[in-house]
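Since the structure comes first, as structure tokens, the remarks are kept for the end.
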Amino acid sequence: MSIRVRQANPLSAEGRALLAQSHAFMAAKYPPEHVFALPAEALAEPHVRFFIAEADGAAVGCAALANKGDYGEVKSVFVSPEGRGRGAGAALVEALIAAAEAQALQWMRLESGDDLYEAHRLYARHGFAMSGPFGDYQEGPHSIFMERRMGMPEGGA
């Protein structure tokens, strides 16, 4: 079984389906004021690269990178339950890193739910380290922040 990641349109049926699953997952875990998921339309903006991971031809995950000028913000990383444990998350993060490198971004930053421990470990394996809030984010009871300086080897902070 191999994972294939491709740039995709978040407005496509598979993009919308994955985002709906992701939004439902986050809405079930956190109060609405602590969910920072973007709608498909926002992920279709020209400064955003959206990716879909496929396993055996089926869409099993998505992720996006928003170019914020001096950094790239990781958004909407999600792997469906049937895609978990198959390497889709790692393949998506690697695609985001490649997209940031192609855009010559200096940093990648993200906000994640405080108890999404598997995601935190995935990001750490790819060189992300804990950091503070960035952009318009504020400290909050359900958020953690991580960043990766570009040019660092994966697994190193």
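First measure r as the distance between the Cβ atoms of residue 138 and residue 56, then evaluate 1/(1 + (r/R0)^6) with R0 = 35 Å and state the FRET efficiency to the nearest 0.05.
0.25
With a 10 Å cut-off between alpha carbons and a GNM built on the chain, which of 69, 132, 85 moves the most?
It is 85.
From the square roots a ≥ b ≥ c of the eigenvalues of the alpha-carbon gyration tensor of the stretch 1-55, which class results: rounded (a/c under 1.5), prolate (a/b over b/c), or oblate?
Values: a/c = 2.40, a/b = 1.41, b/c = 1.71.
Verdict is oblate for the stretch 1-55.
Take the solvent-accessible surface of the protein heavy atoms, probe 1.4 Å, and return the percent of it on the chain that carbon and sulfur atoms account for.
On the way: 3970 of 7600 Å².
That share works out to 52 percent.
Taking amide H positions as placed in the peptide plane 1.01 Å from N, state which residues far from residue 143 in sequence (5 or more) or on other chains have amide H under 5 Å from it.
Hits under the 5 Å cutoff: 114.
Where in the stretch 130-144 does the amide nitrogen come within less than 20 Å of the point 7 Å from the Cα of residue 70, taken along Cα to Cβ?
Residues passing the 20 Å test: 130-139.
Springs between alpha-carbon atoms under 10 Å, Gaussian network over the chain: tell me which of 24, 90, 63 tops the mean-square fluctuations.
Maximum among the listed residues: 24.
Based solely on its DSSP helices, what 222 nm [θ] is calculated for the chain when runs of n ≥ 4 H residues each add -39,500 (n - 2.57) and the sum is averaged over all residues, nearest 500 deg cm²/dmol?
Values: 4 runs with 45 residues, N = 157.
About -8500 deg cm²/dmol.
Where in the chain lies the longest segment free of trypsin sites (Lys or Arg not before Pro) that are both loop residues by DSSP (not H, G, I, E, B) and have at most 15 other Cβ atoms within 10 Å?
With trypsin sites (Lys or Arg not before Pro) excluded where exposed in loops, the chain gives 85-157 as its longest stretch.
What number comes out for accessible area per residue over the chain if the probe is 1.4 Å? Units Å², please.
That works out to 48 Å² for each residue.
Between the stretch 124-154 and the stretch 67-120, what is the separation of their alpha carbon centroids in Å?
Cα centres, the stretch 124-154 to the stretch 67-120: 11 Å.
The values are calculated or read from the model by the stated rules, or taken from the named source; none is laboratory data. Because the structure is predicted, anything quoted here is derived from the model rather than measured. Cβ: placed from backbone, ideal geometry, glycine included. Neighbour counts: every protein chain shown. In case anyone asks, the SASA skips ligands and DNA or RNA and just uses the protein heavy atoms, side chains included. Shrake-Rupley method; radii C 1.70, N 1.55, O 1.52, S 1.80 Å.
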